[in-house]
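Asker: Before we start, here is the structure in question, set down as structure tokens.
The values are calculated or read from the model by the stated rules, or taken from the named source; none is laboratory data. All values reported here derive from a predicted model rather than from experimental measurement. In this analysis, Cβ positions are derived from the backbone assuming ideal geometry, glycine residues included, and neighbour counts consider all displayed protein chains. What goes into the accessible areas is simple: the full protein's heavy atoms, side chains included, and nothing from ligands, DNA or RNA. Shrake-Rupley method; radii C 1.70, N 1.55, O 1.52, S 1.80 Å.
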There are 2 protein chains.
Amino acid sequence: MSNGKKADSQTVYFRSADFPSGGFLFKNRVRIAPNDRGFMFADGLYEVVRSYGGRFFGFAEHLARLRHSLAEVGIDFPEIGELPGIAQELVRRNGLETTAAVAYIQLTRGLCERRYPFPTPPVVPTLYIEVNRLLSAAVEAEQGIAAITVPDIRWSRCDIKWLGLLPNVLARQRAVAQGANEAIFVRDGVVTEGTHTNVFGVKAGVVLTHPSDHHILAGITRAQVIQLCRALRLPVEERPILQAELAGLDELFLTSTTGEITPVVVLDSKPVGRGRPGPLTQQLQRAFRDLISSLSQGD
Amino acid sequence: MSNGKKADSQTVYFRSADFPSGGFLFKNRVRIAPNDRGFMFADGLYEVVRSYGGRFFGFAEHLARLRHSLAEVGIDFPEIGELPGIAQELVRRNGLETTAAVAYIQLTRGLCERRYPFPTPPVVPTLYIEVNRLLSAAVEAEQGIAAITVPDIRWSRCDIKWLGLLPNVLARQRAVAQGANEAIFVRDGVVTEGTHTNVFGVKAGVVLTHPSDHHILAGITRAQVIQLCRALRLPVEERPILQAELAGLDELFLTSTTGEITPVVVLDSKPVGRGRPGPLTQQLQRAFRDLISSLSQGD
């Protein structure tokens, strides 16, 4: 993501114990203190919300997921309802009303001396939000991408949208080094999800995806695609795809807020199905685009 | 850890892409950029090194471990040899030459736009170092502490001293909420380690501790204690302690850079052995103190 702006002209939102009133400021004016628990412990969470032509999609669902993450890690953030308004204002201040954009929202437990237990009394959580222009992923959506499989070495609470992304970074880097775009995690012989995507397979006309549990993030686009399957009367099963089943899948695709629905046409250097985006994947892509168009037109 | 100084009078060391020359400055002048990969991805590492009366202990071993962590995550930091000199200078500048102190060293992959793959070309790693006065843990060392067991939900590369400490924070908080001082992780029925400590058990005169593999950090004090066992001709076995064995242990203790050797006298609200520090634990504590004394005297 990039908005093509330098840090000295991009407006972001920031609030912290050092700046408790919070406010809009240029990105290069934001000062994260070294003792921010986000910096020292990855003691924080994030969300990524997409806007289409200035209108955010699924913000309520993103906030519900953020509430889940907050509750699971014990961060109190009663101001959560302010987030859509701040993100909308950032769209306006950065001139992104007529383009695809993405809000990155990061929240940490706040600033205190380095010790593991929660600060007592609680401190002001640190809030950082930036909105960036989203580069087009039309080529990937149309032609599909290559992916690799990697061992899922992450923690066992991937339902929490946690800042601790080094395992994802390492997996993604491994994909890039092998000329692929995404890495798909395999844990105990089953496909869980990608580094920033959920994974769907198609076999004999049935759409398959890992159930929503502690080993995957409950993706907003994932849920939307399951709903679309039901609306289109495509059989869909929330059950793990076995690693051993991968080679026999007819279609494979990824879902994410930024990439929507992306076909995987090569996996571990071998073609998936016929090596091009499959018919069910394309049907779901069309349905998803129609859904977005209807929203943009004010339905 | 605390040095009793406010951020506006504590001198720390900082270097980043925004401040590539690096230098000593007051803590409240350090500005971590929001796009630092340490803040957004926990894409970084740390070390904690202890000094006794102005003299660091085991710095070479800490650097060797940091080299391992750096290699495993693909961060290039050729300036690693500068760290002891910087830490020593921070001891001097903060007037900590005659006390117990601890250097906290944090290194991140650096500053770039938010995207998972490594920046190309690589950017300057962010380096942050602070040295704090270490509060005395004499009471804990003498009387022992209470601990609880918790499921080990962490990633499977705990040999890397990674910033992603939220699982440790949550476990430690759970211990505190139950009136205990430390949480001990149990994975697949075996004790791995504590949230910031290695775990040793004693059964029928044999000292037991988890082998050094991907599920624990290779603690510097852990290695030192194993060496002391050998020097004292105490039988020591690096093999996992089963969760089922915990109730039958004669002694249980923790090792760490900051706490050295800490007896656990209560585990999950039940006494360990006779409910007070055991004889082998005490023997090892004395041997460790002798080792430190000999070092402080210039051996």
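Asker: Output the residue which, of all residues in the range B:157-167 that are within 20 Å of A:His215 (Cα to Cα) and open to solvent by less than 30 Å² (accessible area, probe 1.4 Å), is farthest from the other protein chains (Cβ to nearest Cβ).
Answerer: The qualifying residue farthest from the other protein chains (Cβ to nearest Cβ) is B:Cys158.
Asker: Now, a different point. When you go through B:Asp152, B:Asp188 one by one, which is the residue that is without any contact (Cβ under 8 Å) to a residue 40 or more places away in the chain and farther than 21 Å from B:Val48 by Cα?
Answerer: Being without any contact (Cβ under 8 Å) to a residue 40 or more places away in the chain and farther than 21 Å from B:Val48 by Cα holds for just one of B:Asp152, B:Asp188, which is B:Asp188.
Asker: Sticking with this one: Tell me whether the range A:12-19 contains one or more residues that are more than 9 Å from chain B (Cβ to nearest Cβ), in contact with a strand residue (DSSP E or B) (Cβ under 7 Å, 6 or more places away or on another chain) and not small (Gly, Ala, Ser).
Answerer: Taking every residue of the range A:12-19 in turn, at least one turns out to be more than 9 Å from chain B (Cβ to nearest Cβ), in contact with a strand residue (DSSP E or B) (Cβ under 7 Å, 6 or more places away or on another chain) and not small (Gly, Ala, Ser).
Asker: Just to verify a result, which residue in the range A:74-83, among those that are open to solvent by 40 Å² or more (accessible area, probe 1.4 Å) and more than 14 Å from chain B (Cβ to nearest Cβ), is nearest to B:Arg172 (Cα to Cα)?
Answerer: A:Pro78
Asker: Could you list, in sequence order, the residues of the range A:246-275 that are among the charged types (D, E, K, R), in a loop (DSSP other than H, G, I, E, B) and either at positive phi or open to solvent by less than 60 Å² (accessible area, probe 1.4 Å) (or both)?
Answerer: Taking the range A:246-275 as the starting set, the residues that turn out to be among the charged types (D, E, K, R) are A:250-251, A:260, A:268, A:270, A:274.
Now narrow it down to the ones that are in a loop (DSSP other than H, G, I, E, B): A:250, A:268, A:274.
Passing the criteria: only A:Asp268.
Asker: A further question on this structure: Please go through the range B:173-184 and pick out each residue that is over 26 Å from B:His62 (Cα atoms) and either open to solvent by 20 Å² or more (accessible area, probe 1.4 Å) or touching a Pro at 6+ places or on another chain (Cβ under 9 Å) (or both).
Answerer: B:Gln173, B:Arg174, B:Ala175, B:Val176, B:Ala177, B:Gln178, B:Gly179
Asker: A further question follows. What is the residue count in the range A:132-156 for residues that are outside any strand (DSSP E or B), open to solvent by 40 Å² or more (accessible area, probe 1.4 Å) and within 12 Å of chain B (Cβ to nearest Cβ)?
Answerer: So the answer is 2.
Asker: Okay, moving on. Starting from the range A:24-41, keep only residues that are over 15 Å from B:Leu166 (Cα atoms), then list their pairs with residues that are open to solvent by 10 Å² or more (accessible area, probe 1.4 Å) and assigned to a helix (DSSP H, G or I) whose Cβ atoms are within a distance under 8 Å, requiring at least 6 positions of separation or different chains.
Answerer: So the pair list comes out as A:Phe24/A:Glu89; A:Phe24/A:Arg93; A:Ala33/B:Asn28; A:Pro34/B:Lys27.
Asker: Within the range B:254-293, track down each residue that is acidic (Asp, Glu) and in contact with a Phe, Trp or Tyr (Cβ under 8 Å, 6 or more places away or on another chain). Walk me through how you get there before you give the answer.
Answerer: Step one: of the range B:254-293, the residues acidic (Asp, Glu) are B:260, B:268, B:290.
Hit for the range B:254-293 is B:Glu260, nothing else.
Asker: What do you reckon, is B:Leu170 more than 23 Å from B:Gln143 (Cβ to Cβ), open to solvent by 10 Å² or more (accessible area, probe 1.4 Å) and free of Cβ contacts under 8 Å to residues at least 24 places away in the same chain?
Answerer: Details: more than 23 Å from B:Gln143 (Cβ to Cβ): yes; open to solvent by 10 Å² or more (accessible area, probe 1.4 Å): yes; free of Cβ contacts under 8 Å to residues at least 24 places away in the same chain: yes.
Yes.
Asker: Can you find a residue that is surrounded by fewer than 20 Cβ atoms within 10 Å (Cβ to Cβ), under 30 Å from A:Tyr46 (Cβ atoms), touching a residue at least 60 places away in the same chain (Cβ under 8 Å) and of a type in the set (Ser, Thr, Tyr) anywhere in the range A:276-286?
Answerer: No, that holds for no residue.
Asker: Let me ask something else. Among the numbered criteria (1) within 30 Å of A:Phe41 (Cβ to Cβ); (2) out of contact with any Ser or Thr (no Cβ under 7 Å at 6 or more places or on another chain), which one does B:Leu254 miss?
Answerer: It is condition (2) that B:Leu254 fails.
Here's the yes/no breakdown for (1) at negative phi; (2) more than 14 Å from chain A (Cβ to nearest Cβ); (3) touching a helix residue (DSSP H, G or I) at 6+ places or on another chain (Cβ under 7 Å):
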residue	(1), (2), (3)
B:Asp43	yes, no, yes
B:Tyr52	yes, yes, yes
B:His62	yes, yes, yes
B:Ala87	yes, yes, no
